[in-house]
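Just below is one structure, and these are the notes that go with it.
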Amino acid sequence: MSGPPYSPVFRAGDWSCISGQLGITPDGLAEGFTAQLQQLFVNLEHLLQAHDLSLEQIAKTTVFLLDMADFAEMNEAYAAFFGQHRPARSAVAVAGLPFGALVEIEAWVYTGT
């Protein structure tokens, strides 16, 4: 088997599930919380575009934070990224994330009418 044992995007009827995105660049994990957050937004946007999906179709996100002390910064960057679009969201603290990441975001995208 090559690649990860999951799909980055999985369509199920009128929904597409976007696997958790990290702030990974071609050179590895971005340095620091702010850089990771900005990079994961870039990665999320690229994944949406590659699957003919749009930011405005995101109905729900879950944000995983290694440290809840980063919540305010995440919230500000999240609001800037989504603009006037306000999908439902959960934000939870976790004990650890893959590759030592500080933040991860997954999304549910509604593709129906």
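Every number here is computed from the coordinates shown, using simple stated rules; none is lab data. Quantities reported herein were computed from a predicted structural model and do not represent experimental measurements. Note that we place each Cβ from the backbone using ideal geometry, even for glycine, and neighbour counts take in every protein chain shown.
Filtered by the rule that a residue be loosely packed, with under 12 Cβ neighbours inside 10 Å and within 27 Å of Thr113 (Cβ to Cβ), the stretch 11-51 gives Ala12, Gly13, Asp14, His46, Gln49, Ala50.
In the set (1) part of a helix (DSSP H, G or I); (2) within 11 Å of the chain's Cα centre (by Cα), Phe99 fails one condition alone, (2).
Determine whether the stretch 19-31 contains at least one residue that is assigned to a strand (DSSP E or B) and in contact with a Pro (Cβ under 6 Å, 6 or more places away or on another chain). Looking for residues that are assigned to a strand (DSSP E or B) and in contact with a Pro (Cβ under 6 Å, 6 or more places away or on another chain), one finds at least one in the stretch 19-31, hence yes. Looking only at the stretch 66-92, residues that are surrounded by 11 or more Cβ atoms within 10 Å (Cβ to Cβ), assigned to a helix (DSSP H, G or I) and small (Gly, Ala, Ser) come to 2 in all. From the list Thr113, Thr62, the lone residue that is surrounded by fewer than 18 Cβ atoms within 10 Å (Cβ to Cβ), touching a Lys or Arg at 6+ places or on another chain (Cβ under 8 Å) and polar (S, T, N, Q) is Thr62.
Which one of Leu66, Leu37, Leu29 is touching a Leu at 6+ places or on another chain (Cβ under 6 Å) and not basic (Lys, Arg)?
After ruling out the rest, the residue left standing is Leu66.
Sub-9 Å Cβ pairs linking a first residue in the stretch 92-106 that is more than 13 Å from Asn43 (Cβ to Cβ) to a second residue that is polar (S, T, N, Q) and part of a strand (DSSP E or B), at least 6 apart or interchain, are Val92/Thr62, ordered by first then second residue.
Beta carbons closer than 8 Å, at least 6 apart along the sequence or on distinct chains, pair a first residue in the stretch 20-49 that is free of Cβ contacts under 8 Å to residues at least 60 places away in the same chain with a second that is charged (D, E, K, R) and surrounded by fewer than 19 Cβ atoms within 10 Å (Cβ to Cβ) for Thr34/Glu73. Within the stretch 1-10, which residues are part of a loop (DSSP other than H, G, I, E, B) and surrounded by 10 or more Cβ atoms within 10 Å (Cβ to Cβ)? Correct list: Ser7, Pro8.
The residues of the stretch 32-55 include none that are part of a loop (DSSP other than H, G, I, E, B), within 14 Å of the chain's Cα centre (by Cα) and more than 18 Å from Tyr110 (Cβ to Cβ). Residues of the stretch 71-84 include at least one that is under 21 Å from Val109 (Cβ atoms) and hydroxyl-bearing (Ser, Thr, Tyr).
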